[in-house]
Amino acid sequence: MAPMIAIYLASRSPRRHELLNQMRVGHEVLVLPAVAGDDEPRLHDESPADYVSRTAREKAERGLMAVYKRGLAPRPVLAADTAVVLGDHVLGKPADRQEAEAMLRQLSGTRHEVRTALALAWKESIHEDVSVTAVEFRELSERDIQRYCDTNEPYDKAGAYGIQGLAGIFVRRIEGSFTGVMGLPLFETARLLAHVGMQLP
C-alpha cells in the first residue's frame, strides 16, 4: 500500500524520487520551469557552499509559490541541489560529451567534495540542511573516460558521474553520505522533515 502524499518534491531527478520511496515518504513530483538551464549560474564572489544552498532554497521557494498559484493541495515542498566541488570550481551537469570528458579528467585521481543542500518550504518558513561528502577517485585512463562516456550515465549528473552506477568502480573511498552523493542524503532529509512534524521509523 502506497504511503499518503505528504510533500511535494521540487525535482525531476529519478534518484531523489527513488530515495524518498526508500524512506516511505509519500510525495508528488512538482515540475518547475527551468530558470537558467539545469544549472543556475554562480553569483560574483559566491562560494561553492553558498551557491549550492542558495539554489536549493530558491527551488523550494519557487515550488511553494507554484503550489499556491496552481491551487494545489497545500503541502511542504522539498528541494535539493547537488554539486561536485573541486577547489573553488563547481562541476554541475555536463552539457555534452566533451564537457563530461573534461570533468572526468579533472576528477581523475582527486579528492573532491560533493555537497547536497536541502530546503523544505512550508507556510512562512524554510528549513535547510546540507550534506558534505569527500570522494576520492582513482586515476582514470583515457580508455576509462571514453568507455564511461559511451554510456548514458554522465549526462544528467553533477560532476558527470553517478556513484550508484558504473562510476562506483572509480571511487577509492568516501567520507560522508553515499545517498548524499546520489542527490538526497537520507539522514539529513529525515531530520529536515521532522521540522514539519513528520516522524520516520
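The values are calculated or read from the model by the stated rules, or taken from the named source; none is laboratory data. Everything numeric here is computed off the predicted structure, so don't read it as measured data. When we count neighbours, we look across all protein chains shown, and the Cβ atoms used for this are built from the backbone with ideal geometry, even at glycine.
Of all residues being acidic (Asp, Glu) and closer than 17 Å to residue 161 by Cβ in segment 83-99, which is surrounded by the most Cβ atoms within 10 Å (Cβ to Cβ)? Just the residue, please.
Looking at the filtered set, the residue picked out is 99.
Find the residue count for segment 167-201, including only residues that are exposed (fewer than 15 other Cβ atoms within 10 Å of the Cβ), assigned to a helix (DSSP H, G or I) and without any contact (Cβ under 8 Å) to a residue 60 or more places away in the chain.
4
Could you identify the single residue in 155, 161 that is surrounded by 13 or more Cβ atoms within 10 Å (Cβ to Cβ), at pLDDT 95 or above, hydroxyl-bearing (Ser, Thr, Tyr) and under 18 Å from the mean Cα position of the chain (by Cα)?
161
Taking the conditions exactly as written (loosely packed, with under 14 Cβ neighbours inside 10 Å, closer than 16 Å to residue 167 by Cα and not acidic (Asp, Glu)), does residue 109 satisfy them or not?
yes
Give the residues of segment 85-102 that are free of Cβ contacts under 8 Å to residues at least 60 places away in the same chain, out of contact with any His (no Cβ under 9 Å at 6 or more places or on another chain) and not acidic (Asp, Glu), sorted by residue number.
89, 90, 95, 97, 98, 102
Surrounded by fewer than 17 Cβ atoms within 10 Å (Cβ to Cβ), of a type in the set (A, V, I, L, M, F, W, C) and either at positive phi or assigned to a strand (DSSP E or B) (or both): which single residue out of 102, 134, 121 fits that description?
Of the residues listed, the single one that is surrounded by fewer than 17 Cβ atoms within 10 Å (Cβ to Cβ), of a type in the set (A, V, I, L, M, F, W, C) and either at positive phi or assigned to a strand (DSSP E or B) (or both) is 134.
If residue 116 satisfies every condition in (1) β-branched (Val, Ile, Thr); (2) more than 27 Å from residue 60 (Cβ to Cβ); (3) in contact with a Pro (Cβ under 8 Å, 6 or more places away or on another chain) but one, which is the exception?
(2)
Look at segment 90-121 and say how many of its residues are touching a strand residue (DSSP E or B) at 6+ places or on another chain (Cβ under 9 Å), modelled with pLDDT under 95 and farther than 24 Å from residue 173 by Cα.
0
Could you tell me whether residue 3 is under 18 Å from residue 192 (Cβ atoms), part of a loop (DSSP other than H, G, I, E, B) and free of Cβ contacts under 8 Å to residues at least 40 places away in the same chain?
yes
Just the residues that are touching a Pro at 6+ places or on another chain (Cβ under 8 Å) and either in a loop (DSSP other than H, G, I, E, B) or surrounded by fewer than 20 Cβ atoms within 10 Å (Cβ to Cβ) (or both), please, taken from segment 6-16.
6
Checking residue 19 against (1) part of a helix (DSSP H, G or I); (2) among the hydrophobic types (A, V, I, L, M, F, W, C); (3) at pLDDT below 95: exactly one of these is not met. Which one?
The single condition residue 19 does not satisfy is (3).
With the requirement that a residue be outside any helix (DSSP H, G or I) and surrounded by fewer than 16 Cβ atoms within 10 Å (Cβ to Cβ), what does segment 38-75 give you?
38, 41, 43, 44, 45, 46, 47, 71, 72, 73, 74
Name the single residue, out of those in segment 140-152 being touching a Phe, Trp or Tyr at 6+ places or on another chain (Cβ under 9 Å) and part of a helix (DSSP H, G or I), that is surrounded by the fewest Cβ atoms within 10 Å (Cβ to Cβ).
Applying the filter and picking the extreme gives 144.
Given the criterion at pLDDT 95 or above and touching a strand residue (DSSP E or B) at 6+ places or on another chain (Cβ under 6 Å), identify the matching residue among 50, 129.
Just one listed residue meets the conditions, 129.
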